Amino acid sequence: MRPEPRNTSAIVLRRIDYGESDLIVSLLTAERGVLRGYARAGRKSVKRFGSALEPFSQIEIRCQPGRGELLTLHDADLISSRRGLRLSLPTLALAGYAVELLEMLLREGEGQPELFCLLQGYLDYLARQGDPELARLLFELRLVQHLGYIPHLLHCSECFIQFGEDEIAFAPARGGSLCTSCAGDSPLLRVGLGTLGSLSRSLQTPIGLFEGFCLGPKTLGEGSALLSLVLQSLLPRSPKSLRFLQQTTV
């Protein structure tokens with residue numbers, strides 16, 4: 001006997017056309033993480049789906065296990081379309097970049113309530129025309145922290161000394177920040193102690209909060225370079241959306 005359909009809050013990550021009118025939809029849910037579902041007539045059924053299955057939408061969806069790995073999606077109610085994301089190409093590119101990162105780093109079917117909250121806050125902030133540089137920095141930083149990959153920031157990752165110098169070497173492959181003695185003459189990324197302090201303090205705030213931060217150009221630039229190195233060390237490949245994102249922000 002098949003389980004009864006259940007309602008689940010979800011964020012639409014992406015959709016793929018299938019056949020003449022069907023859809024394959026990727027979703028992020030708090031309870032079960034990333035899921036994929038099959039929506040019969042998803043492109044035509046106004047009554048059952050309407051515009052609810054557009055990427056980045058917040059929805060309440062009714063679904064049940066289907067055949068194979070795909071859920072059967074019965075119908076959905078649109079909670080928020082986040083129309084503000086589509087007012088700017090760079091903002092839309094940032095939304096797609098975050099979705100691809102999650103799909104690359106998360107396993108299907110594992111509950112991720114905090115990352116659901118992170119993506120929800122990030123997309124809502126961008127839809128309200130929030131600062132795109134700040135949004136990307138905080139999203140990447142919190143994502144790697146939550147997944148357990150955050151490097152040492154405020155002390156040397158090799159000798160564990162507290163930093164006294166103003167400029168710190170950084171190398172993800174060696175655990176993060178390095179003091180002058182441990183770094184030696186290696187050509188490593190150099191980051192200001194003030195930047196590391198700001199990043200560390202940002203991690204003490206709620207994971208879905210993006211409002212109220214004020215980070216200067218130096219912190220944003222150095223933080224972005226630092227997180228780029230961290231993500232390069234974690235991801236199996238460069239995100240396809242990254243090139244598009246770079247083109248839209250030139």
Looking at (1) under 27 Å from residue 96 (Cα atoms); (2) touching a Phe, Trp or Tyr at 6+ places or on another chain (Cβ under 8 Å); (3) outside the structural domain of residue 105 (by TED's automatic domain parsing), which is the only condition residue 242 fails? (3)
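Here is a yes/no grid of residues against (1) more than 24 Å from residue 235 (Cα to Cα); (2) at pLDDT 90 or above:
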| site | (1), (2) |
| --- | --- |
| 26 | no, yes |
| 42 | yes, no |
| 49 | yes, yes |
| 52 | yes, yes |
| 73 | yes, yes |
For the structure I just gave you, tell me whether residue 170 is surrounded by 16 or more Cβ atoms within 10 Å (Cβ to Cβ), farther than 22 Å from residue 130 by Cα and outside the structural domain of residue 226 (by TED's automatic domain parsing). yes
Out of all the residues in segment 151-182, which are assigned to a strand (DSSP E or B), among the polar types (S, T, N, Q) and under 22 Å from residue 224 (Cβ atoms)? 177
Just to be sure before I move on: is residue 86 basic (Lys, Arg) and touching a residue at least 12 places away in the same chain (Cβ under 8 Å) in the structure I sent? no
Against the definition (within 15 Å of residue 7 (Cβ to Cβ) and surrounded by 14 or more Cβ atoms within 10 Å (Cβ to Cβ)), how does residue 62 come out, yes or no? yes
Here is a check on your reading of the model: is residue 176 surrounded by 16 or more Cβ atoms within 10 Å (Cβ to Cβ), closer than 21 Å to residue 201 by Cβ and not hydrophobic (A, V, I, L, M, F, W, C)? yes
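The values are calculated or read from the model by the stated rules, or taken from the named source; none is laboratory data. Worth saying up front: this structure is predicted, and the values here are computed from it rather than measured. A quick note on method: Cβ atoms are made from the backbone with ideal geometry, for glycine too, and the neighbour counts reach across all protein chains shown.
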